[in-house]
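Asker: Below are the structure tokens for one structure; questions will follow.
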Amino acid sequence: MPLFNVYPLYDVTPVSAKGVYIYDENNVEYLDLYGGHAVISIGHGHPKYVDAITNQVAKLGFYSNAIQNPLQKQLADTIEALSGCEKYELFLCNSGAEANENALKLASFHTNKKKVVAFKNGFHGRTSAAVAVTDNSKIIAPINAQQEVEILELGDLLGLEKALSKNDVCAVIIEIIQGVGGLDESTAEFYEGADALCKKYNTCFIADEVQSGFGRTGDFFAFQKYKISPDIIPIAKGMGNGFPIGGILIHPSIKASFGLLGTTFGGNHLACVASLAVLKVIEEENLMENVKEISGYFMEKAKEVPKLKKVKGRGLMLGLEFNFPIADIRKKLIYTHKIFTGSAKNPNVIRILPSLTVKKEHIDLFFKALIKELN
Ligand SMILES: Cc1ncc(COP(=O)(O)O)c(C=O)c1O
């Protein structure tokens, strides 16, 4: 049976990986500065992660959400301790889109309204409501287009107040730093203003931290640079270092009731121990400090790059923007230099989303290869 052909694939077949390196079937080594779309947070095959999952699967891999699972509470407490997001409650699911789907649904239940405000170049996933609030008409099917969504320019506070003042908006959903869109970030005035407007008009502020969360920016969450308190915080990607897990942190003003949300696989035993291992390694190896250090180093090294328009992003959620498309350069980085990088909706941006364990020597390898290709 052929595979449904939706992915344009690079001709590389990874069969194993360790730390920031991936190996193909001929044992060719690739430097992974993309982490499979910002997923690999503590490095491939980290021994504590492998042990945690191996031990748990031998004991109990899965049971449904109809029984007690103390690992979920342990995960909630550990996220609270590391993020400093006190008092939030946790609901677990399996992916970023599912996290946003639940966030939007919850916002609608809570406010009894149904319109959503989202932003230009935002990406929130490919399922029903999540894709409807994503700014990409090519991936919105007619069945998704029934959602009531207004897309504003990132930073348009006046437009936001105009939209919210009609009192029919259940949620404002925003990536504090846009991932897929190409690493754009607005101002403190905008984020803090948007948060205040949401509170004024009884609208849930959803800070989509699916890509930017779990230490990627050097803060636990990207929104923590600003004085805001989101009502709902969707998380996924780096949370499981490759094990599928997602979730939402929910402000206690939003009340739970039996059956309001639910999932078969979400919060299963294996997913919980995977994420607990990630958090343990982030803490024990001071990875958020490493993110800040390597990010600073990256910014310095970027000054040596010819033809560069600007460096975008924060922490290890970075982009290099040029005045021309970068697809060919990325191909050369993969096939000639054996370095994985990422692309963005903006065709002129190379995205760098490595494991939070990456070192200066890896950044050096990248810049050496990039400069060679640009000259
Ligand atoms: C900010 C953001 N939200 C949501 C998603 C969707 O996550 P998933 O692919 O796990 O459904 C992504 C994926 O790239 C993302 O970057």
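Asker: Convert each backbone phi in the range 346-352 into a coupling constant with the Karplus relation 6.51 cos²θ - 1.76 cosθ + 1.60 (shift: θ = phi - 60°), then list the ³J(HN,Hα) values in order as whole Hz, x for Gly and Pro.
Answerer: 6, x, 9, 10, 8, 9, 10
Asker: Here's another thing I want to ask about it. In whole Hz and in residue order, list the ³J(HN,Hα) couplings for the range 182-191 that follow from phi through the Karplus curve 6.51 cos²θ - 1.76 cosθ + 1.60, θ = phi - 60°; x for Gly and Pro.
Answerer: Values per residue, Gly and Pro as x: x, 6, 7, 9, 8, 9, 4, 4, 5, 5 Hz.
Asker: So, one more: Which residue, Leu249, Leu270, Val281, has the largest displacement toward the positive end of the dipole of the range 225-300 when charges sit on each Cβ (Lys, Arg +1; Asp, Glu -1)?
Answerer: Final value for the positive-end residue is Leu249.
Asker: Further question on the same structure: About the Cα centre, and with charges only on the beta carbon of Lys, Arg (+1) and Asp, Glu (-1), how big is the dipole of the chain? Nearest 20 debye, please.
Answerer: The calculation lands at about 420 debye.
Asker: Scan around Ser186 for amide H atoms under 5 Å from its own, H built in the peptide plane at 1.01 Å from N, and keep only partners 5 or more places away or cross-chain.
Answerer: Here the answer is none, since no amide H 5 or more places off falls under 5 Å of that of Ser186.
Asker: Further question on the same structure: Roughly how many percent of the accessible protein surface of the range 198-321 is carbon and sulfur, given a 1.4 Å probe and a whole-percent answer?
Answerer: C and S atoms contribute 54 percent here.
Asker: A further question on this structure: Report the one residue of Val291, Asn136, Gln68 whose Cα lies farthest in the direction of the positive end of the charge dipole of the chain (charges on C-beta: Lys and Arg +1, Asp and Glu -1; origin at the Cα centre).
Answerer: Asn136
Asker: Another one. Per 5 Å bin from zero, what fraction in whole % of the C-alpha pairs of the range 261-314 is there, up to the bin with the longest pair?
Answerer: For the range 261-314, the pair-distance distribution reads 4, 15, 15, 12, 12, 11, 11, 9, 6, 4, 0.
Asker: Residues of the range 56-97: accessible area per residue at 1.4 Å, in Å²?
Answerer: 60 Å²
Asker: Considering every Cα-Cα pair within the range 273-375, what fraction, in whole percent, is farther apart than 24 Å?
Answerer: 25 percent
Asker: Which residues make up the longest stretch of the chain that has no trypsin sites (Lys or Arg not before Pro) in a DSSP loop with at most 11 other Cβ atoms within 10 Å?
Answerer: Of all site-free stretches, the longest is 1-86.
Asker: Sticking with this structure for a sec: Work from the charge dipole of the chain (Cβ charges, +1 for Lys and Arg, -1 for Asp and Glu, about the Cα centre) and give the residue of Ala118, Ser229, Pro8 farthest towards its positive end.
Answerer: My answer, from the dipole projection, is Pro8.
Asker: HN-Hα J couplings of the range 86-95 from phi, Karplus 6.51/-1.76/1.60, θ = phi - 60°, integer Hz, Gly and Pro as x?
Answerer: Taking θ as phi minus 60°, the curve returns 7, 6, 5, 10, 10, 10, 9, 9, 10, 7 Hz for the range 86-95.
Asker: Something else about it: Loop only by DSSP, 10 or fewer other Cβ within 10 Å of the Cβ. Give me the GluC sites (Glu not before Pro) in the range 80-148 that pass, ordered by residue number.
Answerer: Answer by residue number: Glu86.
Asker: Only Lys, Arg, Asp and Glu count, each charged at its Cβ (+1, +1, -1, -1), so figure out the dipole size of the range 102-232 about its Cα centre, rounded to 20 debye. Walk me through the numbers on the way to the answer.
Answerer: Numbers: 14 positive and 17 negative charges, 89 e Å.
Its charge dipole is roughly 420 debye.
Asker: Not counting ligands, DNA or RNA, and with a 1.4 Å probe, what is Val15's accessible surface area in Å² rounded to the nearest 10?
Answerer: Accessible surface of Val15 is approximately 100 Å².
Asker: Over the range 1-156, with every protein chain in place, what whole percent of the accessible area is carbon and sulfur at 1.4 Å, could you tell me? Please list the in-between numbers first.
Answerer: Numbers: 4920 of 8990 Å².
The C+S portion of the solvent-accessible surface of the range 1-156 is 55 percent.
Asker: Okay, moving on. Normalised by the empirical 2.2 N^0.38 Å for globular proteins, what value does the Cα Rg of the range 189-254 take?
Answerer: Output field value: 1.16.
Asker: Pull out a ≥ b ≥ c, the square roots of the eigenvalues of the alpha-carbon gyration tensor of the range 119-249, then state rounded if a/c is under 1.5, prolate if not and a/b is larger than b/c, and oblate in the remaining case. The partial results should precede the final answer.
Answerer: On the way: a/c = 1.66, a/b = 1.11, b/c = 1.49.
Oblate.
Asker: Answer rounded, prolate or oblate for the range 1-151, using the Cα gyration tensor with square roots of eigenvalues a ≥ b ≥ c: rounded when a/c is under 1.5, else prolate when a/b is larger than b/c, else oblate.
Answerer: oblate
Asker: Beyond a 19 Å Cα-Cα separation, which of these cross-linked pairs lie in this structure: Lys200/Lys225; Lys138/Lys312; Lys162/Lys255; Lys338/Lys368; Lys48/Lys292?
Answerer: Lys200/Lys225; Lys138/Lys312; Lys162/Lys255; Lys48/Lys292
Asker: Another question about this same structure. Report D for the range 1-74 in µm² per second (integer): Stokes-Einstein, Kirkwood Rh on Cα pairs, 10 °C, 1.306 mPa s.
Answerer: The Stokes-Einstein estimate is 102 µm²/s.
Asker: A follow-up question, please. Of the chain, which part is the longest with no chymotrypsin sites (Phe, Trp or Tyr not before Pro) in a loop (DSSP not H, G, I, E, B) and with at most 14 other C-beta atoms within 10 angstrom?
Answerer: 64-257
Asker: Charges only on Cβ, +1 for Lys and Arg, -1 for Asp and Glu: so what's the dipole of the range 282-375 about the Cα centre, in debye to the nearest 20?
Answerer: 600 debye
Asker: Could you give the length gained by full extension between Leu374 and Ala81, i.e. 0.36 nm per residue of separation minus their alpha carbon distance, to one decimal place?
Answerer: Length difference between fully extended and current span is 101.1 nm.
Asker: I'd like the distance separating the alpha-carbon centroids of the range 92-109 and the range 284-301, in whole Å.
Answerer: 31 Å
Asker: Excluding ligands, DNA and RNA, what is the solvent-accessible area per residue of the range 205-318 at a probe of 1.4 Å, expressed in Å²?
Answerer: For the range 205-318, the per-residue accessible area is 36 Å².
Asker: I've got another one for you. How many times 2.2 N^0.38 Å is the alpha carbon radius of gyration of the range 132-188?
Answerer: Working it through for the range 132-188, the quotient is 1.23.
Asker: Kirkwood Rh over Cα pairs of the chain into Stokes-Einstein at 37 °C, 0.692 mPa s: D in µm²/s? Provide the component values of the computation, followed by the final result.
Answerer: On the way: Rh = 21.3 Å.
Reported coefficient: 154 µm²/s.
Asker: Going by a ≥ b ≥ c, the root eigenvalues of the Cα gyration tensor, does the range 87-164 fall in the rounded group (a/c under 1.5), the prolate group (a/b larger than b/c) or the oblate group?
Answerer: Cα axes put the range 87-164 in the oblate bin.
Asker: So, R0 is 25 Å and r is the distance between the beta-carbons of Glu304 and Glu29; what FRET efficiency does that work out to, to 0.05?
Answerer: Calculated transfer efficiency: 0.50.
The values are calculated or read from the model by the stated rules, or taken from the named source; none is laboratory data. As the structure is a prediction and not an experimental result, all values here were calculated from the model. For neighbour counting, all protein chains shown are included, and Cβ atoms are generated from backbone atoms with ideal geometry for every residue, glycine included. Surface accessibility is based on the protein's heavy atoms, side chains included, excluding ligands, DNA and RNA. Shrake-Rupley method; radii C 1.70, N 1.55, O 1.52, S 1.80 Å.
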